[in-house]
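Notes follow once the structure below has been shown.
The values are calculated or read from the model by the stated rules, or taken from the named source; none is laboratory data. Since the structure is predicted, the reported quantities are computational estimates derived from the model, not experimental observations. Note that we place each Cβ from the backbone using ideal geometry, even for glycine, and neighbour counts take in every protein chain shown.
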Amino acid sequence: MIFQLLSGDMGPTQFVALLIALVFGISFHEFAHAAAATWLGDSTPGRQGRLTLQPAAHLEVMGSLMFLIAGFGWGKPVQYNPYALRGNPRTGQAIIAAAGPFTNFILAIVVAILTRIAIFVLDTRAWFLLPSSPERTLIELLAWIVYFNLVLSFFNLIPIFPLDGFTILSGILPAQLAEFFDATRQYGFFILMLLFFAGSSLLGPLLYQPLSTLWRLLIGL
């Protein structure tokens, strides 16, 4: 991402939106995991200080740097005891995993509503055609925050370890299929690297194109 900024492929407003989305998006994401585990009966996240929206509790230095340098990274994982959860441990783990991406999606919707309100109040329905101005910068900033939260949400739903989608799918599959699927855990890192190196040829049609369409619908483009 830093290289895109320096090369001109990413504008300053988009970069600032990325920073805001990462700090708050990851904080809300990890807090949601902690809150879900606590709701299901495990006190571990609370004892470790994860039941907070303070970014310092959830941001991980190397993961944050990777976001800025490579465009992907991670927050500090929320630890919990699956056997302290009420009900089926597998179902509980799926709920905890789903809480993070779901929260980023809700956050994207909230900011999209704020974006539409700003467009209405400032009477700038064709803001993307305006020359540089404070009004355009504000709306563009909000719009990109929506986009990056959608990326955090939907990318984490990919069923590859260590992404949340892996745990969600493991928790909802029948036990025998889940056991078979869990065997792919050891290859998760390599599969993710393959996706990143393949770039737009795989992630474009599978993720970013549908996500961009949803983004445009949410902000009213």
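Among the residues of segment 90-145 satisfying the criterion of being in a loop (DSSP other than H, G, I, E, B) and of a type in the set (D, E, K, R), which is surrounded by the most Cβ atoms within 10 Å (Cβ to Cβ)? Here the residue is 125. Listed by first and then second residue, the pairs with beta-carbon distance under 7 Å, at least 6 apart or on different chains, first residue in segment 84-97 and in contact (Cβ under 8 Å) with a residue 24 or more places away in the chain, second acidic (Asp, Glu) and surrounded by 20 or more Cβ atoms within 10 Å (Cβ to Cβ), are 84/42; 85/42; 97/164.
Of the residues in segment 38-58, not one is closer than 22 Å to residue 161 by Cβ, among the small types (Gly, Ala, Ser) and loosely packed, with under 15 Cβ neighbours inside 10 Å. All told, residue 143 meets the bar of being closer than 25 Å to residue 103 by Cα and small (Gly, Ala, Ser).
Under the condition of being part of a helix (DSSP H, G or I) and either farther than 24 Å from residue 146 by Cβ or modelled with pLDDT of 95 or more (or both), the residues counted in segment 28-60 number 18. Can you spot a residue in segment 161-170 that is among the small types (Gly, Ala, Ser), touching an Asp or Glu at 6+ places or on another chain (Cβ under 8 Å) and under 18 Å from residue 102 (Cα atoms)? So far as segment 161-170 goes, yes, one or more of its residues are among the small types (Gly, Ala, Ser), touching an Asp or Glu at 6+ places or on another chain (Cβ under 8 Å) and under 18 Å from residue 102 (Cα atoms). Would you check if there is a residue in segment 28-41 being out of contact with any strand residue (DSSP E or B) (no Cβ under 8 Å at 6 or more places or on another chain), more than 23 Å from residue 141 (Cβ to Cβ) and acidic (Asp, Glu)? Looking for residues that are out of contact with any strand residue (DSSP E or B) (no Cβ under 8 Å at 6 or more places or on another chain), more than 23 Å from residue 141 (Cβ to Cβ) and acidic (Asp, Glu), one finds none in segment 28-41, hence no. Among the candidates 74, 127, the residue that is closer than 22 Å to residue 18 by Cβ, at pLDDT below 95 and in contact with a Pro (Cβ under 9 Å, 6 or more places away or on another chain) is uniquely 74.
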